[in-house]
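Structure record follows, encoded as structure tokens.
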There are 2 protein chains.
Amino acid sequence: MLKRYLLAPGPTPVPPEVLLSMAMPIIHHRAPDFLPVLESAKTGLQWLFQTKNDVLIIASTGTGGMVGSVNNFFNPGDKVIVVNGGKFGERWTKIAQSYGLKVEEIPVEWGYSVKPEAVDAILKKDPEIKGVFVQATETSTGVYHDVEGLGKVVKKFDNTLFIVDAISALVAQDMKTDAWGIDVMIGGSQKGLMLPPGLAFVSVSEKAWQRNESSKMPRFYFNFKKERENLAKNQTNFTSAVTLIIGLNEAIKMLQKEGLENVFKRHARLARATREAVKAMGLALYSKESPSNSVTAIEAPAGIDGQAIYKNLREKYGITGAGGQDKAKGKIFRLAHLGYADIFDVITGIAALEMVLKELGYDIKLGTGVAKAQEILMQ
Amino acid sequence: MLKRYLLAPGPTPVPPEVLLSMAMPIIHHRAPDFLPVLESAKTGLQWLFQTKNDVLIIASTGTGGMVGSVNNFFNPGDKVIVVNGGKFGERWTKIAQSYGLKVEEIPVEWGYSVKPEAVDAILKKDPEIKGVFVQATETSTGVYHDVEGLGKVVKKFDNTLFIVDAISALVAQDMKTDAWGIDVMIGGSQKGLMLPPGLAFVSVSEKAWQRNESSKMPRFYFNFKKERENLAKNQTNFTSAVTLIIGLNEAIKMLQKEGLENVFKRHARLARATREAVKAMGLALYSKESPSNSVTAIEAPAGIDGQAIYKNLREKYGITGAGGQDKAKGKIFRLAHLGYADIFDVITGIAALEMVLKELGYDIKLGTGVAKAQEILMQ
């Protein structure tokens, strides 16, 4: 018997309460029984997004929400800035280019976070730039970008929308949509929200809705205006992913019981314990700046393949973390502490990591990392 | 206590086996554990679609599959035929027009099915037409279109793709993708496949893949070529809707145990029993030709509002059927016999209908419809 532990930055474990709620017989998405379900999801998401904006609920992965955020607010030829500091920054560029936008990338070295001044400088030179795209947490590098700082910059430019992929940040980071001036923010179900994959969430500001009026790109499935009209009636434009939305309400209920501040504190504490534990083990963080509270990216020690660490964790100890992506492949591995995660998920991950590293020939005294994590988690 | 019965043409009831399978802890979509899950879903769908073609699995509603079928095989300005005999025919037109296609509609009176000769005549006049779009079952009218006959017509035209929305037909109707020359066929999870909403399935022929090479529309989320490349590795392009795919395997296992021929016979029998029962009650079918095996559309008797029948079924007896859509609203109501449906679903629906109609002032001897259904279902 190999007991399984999921410590990946999405999908993340789904709590039994949520699994159970989704095992209830299905209800029809246009029947009156469903209206309060969607109403509750809608207001729950506004609470989580810290916004008065509409938060659309779409049956797709988070990437669908990203595509819709390009497709609903721009026209071919529009100039936009993409902060590219990893694989998901690259994805913004690819999506924007697919739809004919002219992308000016701000390249950020993997493992580092963007300087808001860099965005400010470009916007000042060219106030025609129609949007700034960024990740809150760049999952591939474990870096959290300074969304608050970027928001202050973009807010000064009337023609520019601020669009944030918060898919893996949401729940783990304090994301103040309204206070920070985020025009469009995207979330996904299978990350901090502790649900299976299949839902995207998108908050849209009034500034973005106004821009939507002049956006003439072809769109049908990701038609945010239609979603907004339906949302006002507690419906979705096409068939609602009923089961996932029922699970969403259950997950939000759990988060509300814990309280938003406590949720953020928990994630911050688990993340810090993970970071300090791996440092105590003599390992280096891959995130040189602003490490995220969702996932910790760790450099493989000299002479040891990051993919071997990832594979041994999974095959020998049943722990699914994540390896490195693209140019970080082999160089790093990642452990998440996101969503339905507590003290003993961290302890488990660190203990297994010690054993795997020792087996791979790394010189370590067993228990070193665990002790450091315990110390922090007891505070 | 009001016990609930779901007799709508989607979402449909999800069997307990499937619900239970989806309540298992989540697995990571890029981990080796998931590869056999997707492999099994892939071959299971080929069995169900009766095809050797790739059947793509996409995290969206069925409409997403329809959008992708326009978006991946055409260019703006391409001329296409849409068979429009109801609300979902209209949807083909809207999607195609959203992407700049020039649509020639073949209008079909609601309640009737298209004549393949009508398509043949237009294609002969204009062999530049790049595609023919149709529903297998037009859910809004309860009509099944002659897909086999249409396939024979379209097959003669080398430049023309045959694209079939089989979302509500699949499982209830014998859909021979390869034998009938269907280039692109779309299915959805929440219909005959007895799953929650959230997955679209799309089979793509070699002829369609060749056309895909010259299609230059912007696309990112519904990028079928990328899905195909991923499918070859038992993956999906973006995060797989893991839970629904696990449920899909369970549902396919149930259908395979029953056998495809028996599945079709069951649906045909339940549909016939429903039709004969309502006729025995003195009601008229809304489908004047080729009634589908998925859903029966029934005309409300003179002086009785179709929406009142639908509402009373639900509110008084806990039975969620469907009303009429758009111009059929108030004139009809619908009862489905789709997916996880058996004899006593039909009996329940018909018995409740008798009681509701009597309460609404319709002159009927209780048990008339039920007796007719029993008679047919005992054969």
Problem set entry | Looking only at the range A:14-29, and only at residues there that are facing another protein chain (nearest Cβ under 7 Å) and closer than 14 Å to B:Arg4 by Cβ, the one that is modelled with the highest pLDDT | A:His28
Seminar exercise, completed: Of those in the range A:1-13 that are surrounded by fewer than 24 Cβ atoms within 10 Å (Cβ to Cβ) and more than 8 Å from every other protein chain (Cβ to nearest Cβ), the residue modelled with the highest pLDDT is A:Tyr5
For this session: Name every residue in the range A:183-219 that is away from every other protein chain (no Cβ under 13 Å), assigned to a loop (DSSP other than H, G, I, E, B) and touching a helix residue (DSSP H, G or I) at 6+ places or on another chain (Cβ under 6 Å), in order of residue number.
Result: A:Asp183
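Can you name every residue in the range B:331-362 that is over 27 Å from the mean Cα position of the chain (by Cα) and touching a residue at least 60 places away in the same chain (Cβ under 8 Å)?
Let us first name the residues in the range B:331-362 that are over 27 Å from the mean Cα position of the chain (by Cα), namely B:354-362.
Selection gives B:Glu354, B:Leu357, B:Tyr362.
Quick test for you: out of A:Ser189, A:Ser140, pick the one residue that is closer than 26 Å to A:Lys329 by Cβ, among the hydroxyl-bearing types (Ser, Thr, Tyr) and touching a residue at least 12 places away in the same chain (Cβ under 8 Å). Lay out the reasoning, then the answer.
Values: A:Ser189 fails: closer than 26 Å to A:Lys329 by Cβ.
One residue alone meets the criteria, A:Ser140.
Do we find that B:Ala232 is outside the structural domain of B:Gly323 (by TED's automatic domain parsing) and surrounded by fewer than 16 Cβ atoms within 10 Å (Cβ to Cβ) in this structure?
On the way: outside the structural domain of B:Gly323 (by TED's automatic domain parsing): yes; surrounded by fewer than 16 Cβ atoms within 10 Å (Cβ to Cβ): yes.
For B:Ala232, the condition - outside the structural domain of B:Gly323 (by TED's automatic domain parsing) and surrounded by fewer than 16 Cβ atoms within 10 Å (Cβ to Cβ) - is met.
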Exercise. Does the range B:32-46 contain at least one residue that is of a type in the set (Gly, Ala, Ser) and modelled with pLDDT under 95?
Worked result: no
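A:Ala341 - would you say it is farther than 20 Å from B:His29 by Cβ and not basic (Lys, Arg)?
Details: farther than 20 Å from B:His29 by Cβ: no; not basic (Lys, Arg): yes.
Against the criterion (farther than 20 Å from B:His29 by Cβ and not basic (Lys, Arg)), A:Ala341 does not qualify.
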For this session: Please list, ordered by first then second residue, the pairs with beta carbon atoms under 9 Å, 6 or more apart or interchain, first in the range A:2-13 and touching a residue at least 40 places away in the same chain (Cβ under 8 Å), second in a loop (DSSP other than H, G, I, E, B) and among the acidic types (Asp, Glu).
Result: A:Arg4/B:Asp33
Problem set entry | Where a residue in the range B:266-281 is in the same structural domain as B:Asp342 (by TED's automatic domain parsing) and its partner, wherever it lies, is part of a helix (DSSP H, G or I) and of a type in the set (S, T, N, Q), with Cβ under 7 Å and at least six apart | B:Ala280/B:Thr368; B:Met281/B:Thr368
Exercise. Being in contact with a strand residue (DSSP E or B) (Cβ under 7 Å, 6 or more places away or on another chain), free of Cβ contacts under 8 Å to residues at least 40 places away in the same chain and assigned to a strand (DSSP E or B), is that true of even one residue in the range B:148-163?
Worked result: yes
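Take the range B:88-104 and flag every residue that is of a type in the set (D, E, K, R) and either surrounded by 24 or more Cβ atoms within 10 Å (Cβ to Cβ) or not in a strand (DSSP E or B) (or both).
Taking the range B:88-104 first, the residues of a type in the set (D, E, K, R) are B:90-91, B:94, B:102, B:104.
Across the range B:88-104, the qualifying residues are B:Glu90, B:Arg91, B:Lys94.
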For this session: Could you tell me which residue of the range B:164-175 is surrounded by the fewest Cβ atoms within 10 Å (Cβ to Cβ), considering only residues that are assigned to a strand (DSSP E or B) and of a type outside the set (A, V, I, L, M, F, W, C)?
Result: B:Gln173
Seminar exercise, completed: Those residues of the range B:282-308 which are without any contact (Cβ under 8 Å) to a residue 60 or more places away in the chain and charged (D, E, K, R) amount to B:Glu299, B:Asp305
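Residue check: is A:Gln173 more than 14 Å from every other protein chain (Cβ to nearest Cβ), out of contact with any Cys (no Cβ under 8 Å at 6 or more places or on another chain) and without any contact (Cβ under 8 Å) to a residue 24 or more places away in the chain?
Numbers: more than 14 Å from every other protein chain (Cβ to nearest Cβ): yes; out of contact with any Cys (no Cβ under 8 Å at 6 or more places or on another chain): yes; without any contact (Cβ under 8 Å) to a residue 24 or more places away in the chain: no.
In short, no.
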Exercise. How about the range B:93-117: which of its residues are under 15 Å from B:Val143 (Cβ atoms) and not acidic (Asp, Glu)?
Worked result: B:Ile106, B:Pro107, B:Val108, B:Trp110, B:Gly111, B:Tyr112, B:Ser113, B:Val114, B:Lys115, B:Pro116
Problem set entry | Residues (of a type in the set (Val, Ile, Thr) and under 30 Å from B:Arg4 (Cα atoms)) located in the range A:30-58 | A:Val37, A:Thr43, A:Ile57, A:Ile58
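Could you list all residues from the range B:59-101 that are of a type in the set (D, E, K, R) and more than 14 Å from every other protein chain (Cβ to nearest Cβ)?
Once the filter is applied, which keeps residues that are of a type in the set (D, E, K, R) and more than 14 Å from every other protein chain (Cβ to nearest Cβ), the range B:59-101 yields only B:Lys79.
Quick test for you: out of A:Glu213, A:Glu227, A:Glu206, pick the one residue that is within 30 Å of B:Lys87 (Cα to Cα), touching a residue at least 60 places away in the same chain (Cβ under 8 Å) and acidic (Asp, Glu).
On the way: A:Glu213 fails: touching a residue at least 60 places away in the same chain (Cβ under 8 Å); A:Glu206 fails: within 30 Å of B:Lys87 (Cα to Cα).
That would be A:Glu227, the only listed residue that is within 30 Å of B:Lys87 (Cα to Cα), touching a residue at least 60 places away in the same chain (Cβ under 8 Å) and acidic (Asp, Glu).
Looking at the range B:220-229, which of its residues are touching a helix residue (DSSP H, G or I) at 6+ places or on another chain (Cβ under 9 Å) and part of a helix (DSSP H, G or I)?
Here is the first cut: in the range B:220-229, the ones touching a helix residue (DSSP H, G or I) at 6+ places or on another chain (Cβ under 9 Å) are B:220-225, B:227-228.
The answer is B:Phe224, B:Lys225, B:Glu227, B:Arg228.
The values are calculated or read from the model by the stated rules, or taken from the named source; none is laboratory data. Note that the structure is a prediction, hence the values are computed from the model and not measured. Ideal geometry is used to build each Cβ from the backbone, glycine not excepted, and the neighbour counts take in all protein chains shown.
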